[in-house]
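Let me begin by presenting the structure, written as structure tokens, before commenting on it.
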Amino acid sequence: MEQSIDHNALEAALKRCGSTWGAAQTHGLLSGRLAIGGADSGFAWLAQVLEGTAESDAGRGECEAMLSSLFETTYRQLSERMSEFEPLLPGEEDTTAKRATALAHWCEGFLHGLVSARHGDALRERLAAEPLADIIKDMLQITRAEVDDDSDEAADEEAYAEIVEYLRVAAQLTYEELADLRHAAEDAEIAGGNDVLH
């Protein structure tokens, strides 16, 4: 059963189990991996986030449960084109600076999810063409963004909300733009499995 995962709760759980990944970066990575590989990307994503953690650690089980729930929710939202998809970020109770840093980390994770997957020629060409090339370029800029201490708080909040909305739409668009490549890969795997059977 799906449960809503809180950014700060997952962040704390990841630290307790010894993961080097933060919550926002983890969700960005997941969103990028899902766009490339769909449901089959879950195992590799989980292994990557928990790499180096001890399986015997009590905190790892807690992490796995939260990450599994996050995977199910995110995959459902993207695959069913649900408008409720949101990047996993700190809430309004956190400072603008902390939320801006989390935005950058989410984009880092998303880009890593796109480039760390196996790339055939078709995928490379798709990522280098519009609209995905523009999305990648924009996210690279967001990873370098900083909050000016002297800036207007209301203006910062407005800019933050606009970027969150952009990332929400960009993740959904990336997932949809790569749908045919995911399906082609799935068909190839099925055909390869049939060859082995026969």
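Taken together, the residues in region 80-98 that are within 16 Å of the chain's Cα centre (by Cα) and surrounded by 14 or more Cβ atoms within 10 Å (Cβ to Cβ) amount to 6.
The residue list Glu64, Glu51, Glu86 contains one member that is out of contact with any Gly (no Cβ under 9 Å at 6 or more places or on another chain), in a loop (DSSP other than H, G, I, E, B) and without any contact (Cβ under 8 Å) to a residue 60 or more places away in the chain, which is Glu51. For region 108-125, a tally of residues being surrounded by fewer than 18 Cβ atoms within 10 Å (Cβ to Cβ) and either more than 19 Å from Ile142 (Cβ to Cβ) or small (Gly, Ala, Ser) (or both) returns 9.
Considering only residues that are without any contact (Cβ under 8 Å) to a residue 40 or more places away in the chain and in a loop (DSSP other than H, G, I, E, B), look in region 126-150 and name the one that is surrounded by the most Cβ atoms within 10 Å (Cβ to Cβ). My answer is Ala129.
Scanning region 89-102 for residues that are part of a helix (DSSP H, G or I) and under 11 Å from His27 (Cα atoms) gives a single hit, Ala102.
Just one of the numbered conditions (1) more than 12 Å from the chain's Cα centre (by Cα); (2) surrounded by 21 or more Cβ atoms within 10 Å (Cβ to Cβ) is not true of Gln25: (1).
When restricted to residues that are within 18 Å of the chain's Cα centre (by Cα) and open to solvent by 40 Å² or more (accessible area, probe 1.4 Å), region 168-182 contains 4. Of the listed requirements (1) modelled with pLDDT of 95 or more; (2) exposed (fewer than 14 other Cβ atoms within 10 Å of the Cβ); (3) over 17 Å from Thr74 (Cα atoms), Glu165 misses just one: (3).
The values are calculated or read from the model by the stated rules, or taken from the named source; none is laboratory data. Since this is a predicted model, take the numbers as computed values, not measurements. Because the Cβ atoms are built from the backbone with ideal geometry, glycine has one as well, and the counts that use them run over all protein chains shown. The area values use the complete protein model at the heavy-atom level, side chains included, leaving out ligands, DNA and RNA. Shrake-Rupley method; radii C 1.70, N 1.55, O 1.52, S 1.80 Å.
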